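Worksheet: the structure to be examined is printed underneath.
The values are calculated or read from the model by the stated rules, or taken from the named source; none is laboratory data. Bear in mind that the values here come from a model prediction, so they are computed numbers and not experimental data. As a convention, Cβ positions derive from the backbone with ideal geometry for all residues, glycine included, and neighbour counts pool all protein chains shown. Protein only, heavy atoms only, side chains kept; ligands, DNA and RNA dropped before computing areas. Shrake-Rupley method; radii C 1.70, N 1.55, O 1.52, S 1.80 Å.
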Amino acid sequence: MDESRALRRAGWAGAASLALSVIGLTLTYLVGVDAASMSDASILERLNDGGRQVAAGIGVPVLAVGVGLLLWFATGLRQVLDQLSGGDPLAHATVPAAALLGGLMITAVSLDVSSAVAALSDEFTPNPDTARALGIAGAMTGLTGLIGGAVLVAVTTRIGQQARALPTWAVWVSYVVVLLCLFGYWSGGIASVAFALWLIGAVIGVLRMSRRPPAPAVPAQGAPARPPARSGR
C-alpha cells in the first residue's frame, strides 16, 4: 500500500511539474529575446519594462520547482519500468535524463532573462546586442536539453515495448517524439510540444499503475521444498 501511495504521489508530481514548467516558461518568455531579428527598440522595451522584469524574477524559481518535481516523477517512472522489466538496468537512465533536461532548461531560461534581471539595478545599462546573443544562446541550450527528453522517452518506450505494455501505435509515436527531441533545434518548437504531450501520457500511465493491486509474491524457482513435519513418537 505504501508503494502504491508513493507511486501515486510521483505521478501527481509529474502533473504539477508540467503545469509549473509551462507557467515559468510563459513568465520568462515575456522578457526573453527569442529571435535575432528582433529590433533594438523592441528589445530595449522588453528589458526596461518593470512588469516584465518582475515576471522574469518570478518565472525562474517557478521553473526550478517544476524541474524538481520532474525529478520526483522520474523516480516514480523508474519504479514502474523496474516492475515491467524485472529490474533492467536501462530503467535507471530515466532520472539522469530528466536531470539533464531540467538542468539545461533552467540554464537556458537564466541566460535569456539575465539582461532583464540585471536591468533592475541602476549599475547596468541594457544592450540590445548582448541581450540578443544571450537569448540565442539560451534557445540553443534549451533545445539541446531535449536530448535528455529523448533519452527519457526512448528508455520508457523500449521497456514498455519489450514488456508488451504499450500498443503498437503508441510505440511508433513515441519513437517519432524521440527523433523530434534529438533534432529539436530544427523542429521550430514542435519537439517541445511533442515532449510535453508525451509527458502527459507518461503521467497518466504512472497514475494508472499506482491503482493496480500489488502482485502476489512468487517463490523463486529451484527453492528447496519445505520438509514435512515429523510426527512425534
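V33 falls short on exactly one of the conditions (1) part of a helix (DSSP H, G or I); (2) open to solvent by less than 70 Å² (accessible area, probe 1.4 Å); (3) within 30 Å of V153 (Cα to Cα), and that condition is (1). The residue list A98, A131 contains one member that is open to solvent by less than 10 Å² (accessible area, probe 1.4 Å), among the hydrophobic types (A, V, I, L, M, F, W, C) and out of contact with any Ser or Thr (no Cβ under 6 Å at 6 or more places or on another chain), which is A98.
Within region 50-60, identify whether any single residue is in contact with a Pro (Cβ under 9 Å, 6 or more places away or on another chain) and either modelled with pLDDT of 90 or more or open to solvent by 60 Å² or more (accessible area, probe 1.4 Å) (or both), and answer yes or no.
No: zero hits.
Tell me, yes or no, whether region 26-35 has at least one residue that is closer than 25 Å to V151 by Cβ and among the hydrophobic types (A, V, I, L, M, F, W, C). Scanning region 26-35, I find no residue that is closer than 25 Å to V151 by Cβ and among the hydrophobic types (A, V, I, L, M, F, W, C), so the answer is no.
If we scan region 3-17, do we find a residue that is of a type in the set (S, T, Y), modelled with pLDDT of 85 or more and more than 18 Å from M209 (Cβ to Cβ)? If you could, list the steps in order and put the result at the bottom.
Of the residues in region 3-17, the ones of a type in the set (S, T, Y) are 4, 17.
Filter once more, keeping what is modelled with pLDDT of 85 or more: 17.
Among the residues that remain, those that are also more than 18 Å from M209 (Cβ to Cβ) are: none.
Scanning region 3-17, I find no residue that is of a type in the set (S, T, Y), modelled with pLDDT of 85 or more and more than 18 Å from M209 (Cβ to Cβ), so the answer is no.
Right, A217: at pLDDT below 90, open to solvent by 60 Å² or more (accessible area, probe 1.4 Å), in a loop (DSSP other than H, G, I, E, B) and hydrophobic (A, V, I, L, M, F, W, C) or not? Spelling it out, A217 is indeed at pLDDT below 90, open to solvent by 60 Å² or more (accessible area, probe 1.4 Å), in a loop (DSSP other than H, G, I, E, B) and hydrophobic (A, V, I, L, M, F, W, C). Among the residues of region 168-193, those that are among the aliphatic types (A, V, I, L, M) and under 13 Å from L146 (Cβ atoms) comprise V177, V178, L179, L180, L182, I190, A191, V193. Criterion applied to V171, V193 was being in contact with a helix residue (DSSP H, G or I) (Cβ under 8 Å, 6 or more places away or on another chain) and modelled with pLDDT under 95, and the one residue passing it is V171. For beta carbons closer than 8 Å, sequence separation of 6+ or different chains, a first residue in region 179-190 that is buried (at least 17 other Cβ atoms within 10 Å of the Cβ) and a second that is part of a loop (DSSP other than H, G, I, E, B) and modelled with pLDDT under 90, the qualifying pairs are L180/S187.
Scan region 102-116 for residues that are surrounded by fewer than 17 Cβ atoms within 10 Å (Cβ to Cβ) and of a type outside the set (S, T, N, Q) and the total you get is 1.
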